[in-house]
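Participant: Can you keep this structure in mind? I'll have questions shortly.
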Amino acid sequence: MNWLDIVILMLNAMFLFTTPLLITAIGGMFSEKSGVVNIALEGIMIFGSFCSILFISTMQNAFPNINPTLLLVLAIFVAVIAGVILSTLLAFSAVNLKANQVIGGTAINLMAAPIVIFTARMINPNGVRTIQFSNNFNISKVPLLGDIPIIGEIFFQNTTLLTYVSIFIVILAVIIIYKTRFGLRLSSVGEHPGAADSVGINVYKMRWSGVLISGALAGLGGLAFTIASSVSFEGRVDGYGFLALAVMIFGQWKPLRILLASLFFGFMSALAYKYQLIPGLEAFSLSYLIKSLPYVATIVALIMTSKKTRVPKASGTPYDQGSR
């Protein structure tokens with residue numbers, strides 16, 4: 001295997017690992033732009049992954065010849081709906097009850113995994129927590145585009161529909177945040193909710209919207225993680241929800257910067273899982289050490305950028321309309 005083949009394989013893996021991080025981090029951005037810290041991304045990813053993979057498994061058993069692309073599109077809707085449902089708990093506690101957002105999000109994280117594992121054990125006749133499915137959603141080659149030398153091999157071969165969905169989400173996020181009335185109002189609520197309220201913007205409604213969008217994307221991120229990394233759901237997403245929070249902070253709550261940060265951490269993850277392709281490293285048993293690279297890189301990146309971090313001013317602060 002020559003160096004070009006190694007680079008192409010590494011970049012293909014990078015995009016697979018980038019996709020769930022990017023989708024979930026963009027979701028976290030919407031929530032924090034509205035002034036609500038969504039620590040619950042990890043739990044929402046787990047719940048969204050569970051519901052969508054259970055749907056995929058059920059449909060594959062009931063309809064063995066179902067079109068994989070159609071099934072994945074339907075599973076995307078299931079993951080989004082599941083994420084929205086779970087995120088209502090955070091929205092209600094943070095916005096209506098004015099509870100501590102970090103505690104509320106942590107409670108959802110602690111609750112999500114046991115609930116889905118218990119449900120999986122109840123559903124499976126043998127009592128195991130894993131949900132098996134046929135992971136046949138890989139696109140071996142996009143017609144025409146996949147034939148482009150090098151570029152086609154990197155971007156349009158051995159990929160999934162969710163990778164292209166993630167790019168669409170970034171473009172849509174840029175338009176919404178910077179070019180629409182909704183996006184400007186969302187940002188104003190996260191910066192100065194009192195001032196926004198004084199000009200007739202419903203702070204509660206905007207914060208609910210931010211959290212629900214965040215939940216929808218986190219649920220989708222959970223599906224993307226499982227599709228990219230496994231052929232079964234096992235009740236975990238390997239800390240990708242917390243890693244997505246780091247990506248969001250590293251990206252300074254800006255969609256394009258979050259894209260670049262996601263690519264960086266996606267490359268670290270790809271290196272951790274594909275390091276044996278690199279000549280000279282294949283003989284070493286460094287799997288546990290190298291698999292810690294994404295998390296070590298997270299700590300280093302956050303330390304290096306901590307002084308330049310500019311959090312939305314009202315992020316994490318409950319808003320009481322009656323005290324204005």
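The values are calculated or read from the model by the stated rules, or taken from the named source; none is laboratory data. Because the structure is a prediction, the values reported are computed rather than measured. Here Cβ is always computed from backbone atoms with ideal geometry, including for glycine, and neighbour counts include all displayed protein chains.
Participant: Within the stretch 141-159, can one find any residue that is surrounded by 18 or more Cβ atoms within 10 Å (Cβ to Cβ), in a helix (DSSP H, G or I), in contact (Cβ under 8 Å) with a residue 40 or more places away in the chain and in contact with a strand residue (DSSP E or B) (Cβ under 8 Å, 6 or more places away or on another chain)?
Facilitator: No - not one qualifying residue is present in the stretch 141-159.
Participant: Have a look at Ile131, Ile201, Ile148 and point out the one that is out of contact with any Ser or Thr (no Cβ under 9 Å at 6 or more places or on another chain), β-branched (Val, Ile, Thr) and at negative phi.
Facilitator: Testing whether each residue is out of contact with any Ser or Thr (no Cβ under 9 Å at 6 or more places or on another chain), β-branched (Val, Ile, Thr) and at negative phi leaves just Ile148.
Participant: Return the pair list, or none, for Cβ contacts closer than 7 Å from residues in the stretch 191-217 that are under 20 Å from Ala173 (Cβ atoms) to residues that are outside any helix (DSSP H, G or I) and of a type in the set (A, V, I, L, M), at least 6 apart or on different chains.
Facilitator: What qualifies is Glu191/Ala314; Arg207/Val36; Gly210/Val36; Val211/Val36.
Participant: Can you work out which of the residues in the stretch 187-210 that are charged (D, E, K, R) and within 27 Å of the chain's Cα centre (by Cα) is surrounded by the most Cβ atoms within 10 Å (Cβ to Cβ)?
Facilitator: Arg207
Participant: Being in a helix (DSSP H, G or I), more than 18 Å from Ala94 (Cβ to Cβ) and at pLDDT 90 or above is the requirement here; does Leu184 meet it?
Facilitator: So Leu184 fits the description; yes.
Participant: Consider Ile131 carefully, then state whether it is in contact with a strand residue (DSSP E or B) (Cβ under 9 Å, 6 or more places away or on another chain), of a type outside the set (Gly, Ala, Ser), surrounded by 18 or more Cβ atoms within 10 Å (Cβ to Cβ) and under 30 Å from Leu9 (Cα atoms).
Facilitator: yes
Participant: Pull up the stretch 46-70, narrow it to residues that are without any contact (Cβ under 8 Å) to a residue 40 or more places away in the chain and either crowded, with 20+ Cβ neighbours inside 10 Å or not in a loop (DSSP other than H, G, I, E, B) (or both), then point me to the one that is farthest from the chain's Cα centre (by Cα).
Facilitator: My answer is Ala62.
Participant: Same structure, new question: Within the stretch 1-26, take every residue that is free of Cβ contacts under 8 Å to residues at least 24 places away in the same chain and either part of a helix (DSSP H, G or I) or within 19 Å of the chain's Cα centre (by Cα) (or both) and give me the one that is surrounded by the fewest Cβ atoms within 10 Å (Cβ to Cβ).
Facilitator: Trp3
Participant: Here is a check on your reading of the model: is Ser140 over 25 Å from Lys313 (Cβ atoms), in contact with a Leu (Cβ under 6 Å, 6 or more places away or on another chain) and small (Gly, Ala, Ser)?
Facilitator: Criteria not met by Ser140.
Participant: I've got another one for you. Answer yes or no as to whether Val36 is within 30 Å of Asp197 (Cβ to Cβ), at pLDDT 95 or above and in a helix (DSSP H, G or I).
Facilitator: no
Participant: Which pairs have Cβ atoms under 6 Å, sit 6 or more apart or on different chains, and link a residue in the stretch 298-317 that is under 18 Å from Asn38 (Cα atoms) and touching a residue at least 60 places away in the same chain (Cβ under 8 Å) to one that is part of a loop (DSSP other than H, G, I, E, B) and among the aliphatic types (A, V, I, L, M)?
Facilitator: Close Cβ pairs satisfying both conditions: Ser315/Val37; Gly316/Val37.
Participant: Which of (1) touching a strand residue (DSSP E or B) at 6+ places or on another chain (Cβ under 9 Å); (2) touching a residue at least 40 places away in the same chain (Cβ under 8 Å); (3) not aliphatic (A, V, I, L, M) does Asn136 not meet, given it meets every other one?
Facilitator: (1)
Participant: Could you pull out the residue among Ile213, Ile171 that is of a type in the set (Val, Ile, Thr), under 17 Å from Gly28 (Cα atoms) and over 14 Å from the mean Cα position of the chain (by Cα)?
Facilitator: Ile171
Participant: Right, another one. Being surrounded by 23 or more Cβ atoms within 10 Å (Cβ to Cβ) and more than 15 Å from Tyr319 (Cα to Cα) is the filter here; which residues of the stretch 211-223 pass it?
Facilitator: The answer is Ile213, Ser214, Gly215, Ala216, Leu217, Ala218, Gly219, Leu220, Gly221, Gly222, Leu223.
Participant: Taking the stated definitions as given, is Thr119 β-branched (Val, Ile, Thr) and either out of contact with any Gly (no Cβ under 9 Å at 6 or more places or on another chain) or surrounded by 20 or more Cβ atoms within 10 Å (Cβ to Cβ) (or both)?
Facilitator: So Thr119 fits the description; yes.
Participant: For the stretch 229-307, please list each of the helices (runs of 4 or more DSSP H) lying entirely inside it that holds at least 1 residues being at pLDDT 75 or above.
Facilitator: Passing ranges, in order: 240-250, 255-274, 293-305.
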